[in-house]
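Before any comments, here is the structure.
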Amino acid sequence: MMQNKIRIVSTKKLSKKQKQTLLTVDFSVFEADFITIQNRNFDIDKTNDYLIFTSQNAVESVLKNRNGSDIKIKKCFCVGEKTKALLEENGFEVIEFSEYAAELASMICNQYSKNSFTFFCGNMRRDFLPAALRLVEIELDEVEVYETILTPHKIDFIPNGIFFFSPSGVKSYLQENKIVNENCFCIGNTTAEALKYVTPNRIIANQPTVESTIMKCIEYYRQQND
């Protein structure tokens with residue numbers, strides 16, 4: 001048990017199990033969704049050789065589309081273990097996946113440059129993957145399937161640590177709040193990059209998952225108290 005109660009802000013709602021992990025070590029937790037996902041209407045009458053998904057949100061939006069089941073014959077590339085699991089649970093075949101978009105882009109450019117791709121993404125998607133593919137003239141169609149809406153909340157106390165899970169979550173948090181000395185626990189490098197000019201107190205999870213972000217936070221404060 002920690003000597004003083006550590007106060008954590010999570011910029012997305014945690015599952016009951018995830019929150020309990022923090023409560024068990026006597027942390028206090030404020031959680032709110034700092035971004036809202038809204039599915040879009042879109043047409044997927046035609047797709048290229050392979051499909052690319054870089055988030056679970058994109059998968060969920062495609063599954064809700066009236067033609068979503070028609071494209072399951074196409075093989076997929078994706079970012080993230082949970083995105084891969086969601087695709088496979090719903091009948092898609094994933095042939096390549098990586099934890100980071102930059103790694104996936106490198107794999108595609110080196111091994112699949114003769115193929116064409118359809119990238120299902122959100123309105124705030126990062127530029128790196130499509131830019132990398134277009135640089136080597138790989139045919140790529142982008143389909144915007146969801147919208148990320150910033151949903152800021154004002155925090156009326158000074159937390160010890162803040163959990164960030166996306167660059168858009170960082171942007172939303174900073175609309176209503178300042179970061180002074182708080183420790184920012186980031187799900188991955190891209191999220192940490194969004195805080196580069198805001199704070200040096202950026203701590204990146206070992207794996208890009210919510211669970212790993214939580215464990216990194218607990219380990220950090222245990223070491224501080226040793």
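Read the figures in this text as sums done on the coordinates, not as results from a lab. Keep in mind that what you see is a predicted model, and the values were worked out from it rather than measured. Cβ placement follows ideal geometry from the backbone for every residue including glycine, while neighbour counts extend to all protein chains displayed.
Numbers for the structure displayed
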read-out: Interchain or long-range residues, amide H under 5 Å from SER10's placed H; value: PHE30, GLU31, ALA32, PHE163
read-out: Hz values of 3J(HN,Hα) by residue in region 178-183 - Karplus curve (6.51, -1.76, 1.60), Gly and Pro given as x; value: 10, 10, 10, 10, 5, 7
read-out: Signed unit charges on C-beta, dipole axis of region 37-148, positive-most listed residue LEU87, ILE52, LEU135; value: LEU87
read-out: Exposure proxy ranking, count of Cβ atoms within 10 Å, fewest first, for ARG125, ARG66; value: ARG66, ARG125
read-out: Qualifying chymotrypsin sites (Phe, Trp or Tyr not before Pro) in region 155-204, DSSP loop, other Cβ atoms within 10 Å at most 13; value: PHE157, TYR197
read-out: Dipole magnitude of the chain about its Cα centre (Cβ charges: Lys, Arg +1; Asp, Glu -1), debye to nearest 20; value: 620 debye
read-out: For MET124, distant residues with modelled amide H under 5 Å away; value: THR148
read-out: Equivalent-ellipsoid semi-axes of the chain, from the Cα gyration tensor, Å, largest first; value: 35, 17, 17
read-out: Dipole in debye (nearest 20) - region 37-148, about Cα centre, beta carbon charges: Lys, Arg +1; Asp, Glu -1; value: 100 debye
read-out: Computed magnitude of the charge dipole of region 164-226 (debye, nearest 20; Cβ of K, R +1, Cβ of D, E -1); value: 160 debye
read-out: In Hz, Karplus ³J(HN,Hα) per residue of region 103-115 (6.51, -1.76, 1.60; θ = phi - 60°; x = Gly, Pro); value: 5, 5, 4, 4, 4, 5, 4, 7, 10, 10, 5, 8, 9
read-out: Directionally averaged projected area (convex hull, Cα atoms, region 20-141), nm²; value: 9.1 nm²
read-out: Radius, Kirkwood style, for region 33-74 when every pair of distinct Cα atoms is counted (Å); value: 11.4 Å
read-out: Estimated FRET transfer efficiency (THR151, ARG222; beta-carbon r; R0 25 Å; 0.05); value: 0.20
read-out: Beta bridges by DSSP in the chain, antiparallel share as percent, to the nearest 5; value: 15 percent
read-out: Computed label-point distance, nm, for sites ASN189 and GLU139 using a 7 Å Cα→Cβ extension; value: 3.1 nm
read-out: DSSP-defined antiparallel bridges as percent of all bridges, region 37-148, nearest 5; value: 15 percent
read-out: Listed pairs LYS13/LYS196; LYS75/LYS216; LYS82/LYS196; LYS74/LYS216; LYS154/LYS196 exceeding 29 Å between Cα atoms; value: LYS75/LYS216; LYS74/LYS216
read-out: Under 5 Å, built H, 5+ apart or other chain: amide partners of SER55; value: VAL79
